[in-house]
1. Please tell me if Trp425 is touching a residue at least 12 places away in the same chain (Cβ under 8 Å), surrounded by 14 or more Cβ atoms within 10 Å (Cβ to Cβ) and not assigned by TED's automatic domain parsing to the domain that holds Phe83.
2. Residues in the range 434-453: is at least one part of a strand (DSSP E or B) and in contact with a Cys (Cβ under 7 Å, 6 or more places away or on another chain)?
3. Can you confirm whether Asp43 is of a type in the set (Asp, Glu), closer than 29 Å to Leu365 by Cβ and either buried (at least 21 other Cβ atoms within 10 Å of the Cβ) or touching a helix residue (DSSP H, G or I) at 6+ places or on another chain (Cβ under 8 Å) (or both)?
4. Report whether or not Leu114 is assigned to a helix (DSSP H, G or I), surrounded by fewer than 17 Cβ atoms within 10 Å (Cβ to Cβ) and not hydroxyl-bearing (Ser, Thr, Tyr).
5. Residues being crowded, with 18+ Cβ neighbours inside 10 Å and part of a helix (DSSP H, G or I): count how many of those fall in the range 66-85.
6. How many residues are more than 13 Å from the chain's Cα centre (by Cα) and either under 21 Å from Arg429 (Cβ atoms) or touching a residue at least 24 places away in the same chain (Cβ under 8 Å) (or both) if we restrict to the range 79-91?
7. Which pairs do you get when a residue that is in the same structural domain as Asp43 (by TED's automatic domain parsing), found in the range 214-238, comes within reach of a residue that is exposed (fewer than 12 other Cβ atoms within 10 Å of the Cβ) and at pLDDT below 85, reach meaning Cβ atoms under 7 angstrom, with the pair 6+ apart or on two chains?
8. Where residues in the range 454-467 are in a strand (DSSP E or B) and either touching a helix residue (DSSP H, G or I) at 6+ places or on another chain (Cβ under 7 Å) or not assigned by TED's automatic domain parsing to the domain that holds Trp411 (or both), which of them is farthest from Gly29 (Cα to Cα)?
Amino acid sequence: MSKLLILLILFGTFHLFYDAIYENHLGVGTDSDVLYPYLFAKDIWMSGWAGVRGWNLPPCSYLFPEIGLAILFYPVLKSVYSFHWAFGFLSFVMPYYLAKALGIKNTKSYLFSLGFLALSGIWPNDLGQFFLPAFHAMIFFFAAYTLYEIHRWDAQNRNQSLRFFFVISLVWISEYWFFVNIAPFLLVYAVVRLGRRSIYPIGLVLLGFGLGKVWQWGLRHLGIGIITSKDLPTMERIHSAVVWFFKDPNAWISALVESVTKHPIFVDWFYWYFVLFGIYILILIFRSEWKKGFLDSVFLLSPILSVVALFIFQIELNFRYLYFLPFCFFYLVFRLVAMIPLIRSFATLALFIGIVFLYNERYPLLANAIKEGETKRAHKLECLSEFDEKVPGAATYWPIKYIYVFSDRDWTLVPFTKEAVYYPWISNRTWDKGLGEKPFGEFSWGITESKENLNLWKGVRLAGECEGWYFYRR
């Protein structure tokens, strides 16, 4: 409890970093996927099981632990801000516990969490996603938990085996990016640490996939849908990547490298990451400590393997899939500092003081960013109030959940794509009140985030432009 109290004090002390992230995504922007756990919990508390029977969950369903925690949080934290602040703190503690699980000392582990928060405050739109629910931060929790079980593995302990099997089955349906981002390292770690004994937990992971399919079937039987890999072009893209690689490996590798070198953000991140990684490997070789640093080196390959996976899946590089890049960056820095006796004695204090100075320097910018987010959210809702909530409207994806959370009026907004196709992605069909089958052209008003969409829709005129939202009437 004392560790959690220290983390809570740190998070509260540097709270403007988090507030700037919150207002960037839910004030300046309209990243309404963040609101999925809040709305799911609200539906179940307001209408019981019938209230969630129409939900379509994303491929990573986040059922465990985020949706479970959301249901527990909601009666106590009904305020949108306090609810998400609690999730922000939950994300904040994850780097600390993962660093501890990897053998970083207690005082230094605090800096992993604080470093994540500070960098996220600087890049709220990118790395700041880590502090939002349903944006993959729980991968750190699953990684720390798996390391915990490996360190204490006892094949004779049935309770441990059943616990691990149950949790892994939930991971398969809640956060499959875990198996992309960190499972390769955990597999090697388990084999090195447990030897032949690793066969049992590895087998449980494979069996957990089957139980995860049972969970999916059960949810669908109860009226809750989960988008799976069968509903996405994942396998086709993997097949395409394999064919391309064997046909022209040089072009494949060149395109992979360009996906990083031509990216405006990650080109610098990976440049310095490879510089530090190279220095670390050279020191290991020079000191003849290659065997000692083998597992660290495998762990440090995790962000690189994630980039390869994203390239194969044809997904643009985004921090939400690459949280291990900054984490491994911190890990590298701490490992390098630990090799230099003169620096390691005061490095932790120096880094903490640096974050304090950074916070004080950016305080006015953070305060202005928070105020800007609050103003823009209020303006969006003010523009919305010019329409009649009793008349159902149509909307493209992002504004719907946002309005249902932040407006105190009872709106009915039916989701459509720019091609005017009904699109209940990560939403509850019951919100649509049976209007999902109504043709798009029969809705007299609506909202979109792209002005170009208005040129595609016949018979509509722009009725108002407001903070990136375009209101139209027909």
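The values are calculated or read from the model by the stated rules, or taken from the named source; none is laboratory data. All of these numbers come straight from a predicted model, not from anything done at the bench. Note that we place each Cβ from the backbone using ideal geometry, even for glycine, and neighbour counts take in every protein chain shown.
1. no
2. The first filter runs over the range 434-453 and keeps only residues part of a strand (DSSP E or B), leaving 445-448.
When the remaining residues are screened for being in contact with a Cys (Cβ under 7 Å, 6 or more places away or on another chain), the result is none.
For the range 434-453, residues part of a strand (DSSP E or B) and in contact with a Cys (Cβ under 7 Å, 6 or more places away or on another chain): absent.
3. In short, no.
4. When the stated conditions are applied, Leu114 does not pass them.
5. 8
6. Here the count works out to 6.
7. Every condition considered, the pairs that remain are Met235/Ser229.
8. Filtering first and then ranking leaves Leu462.
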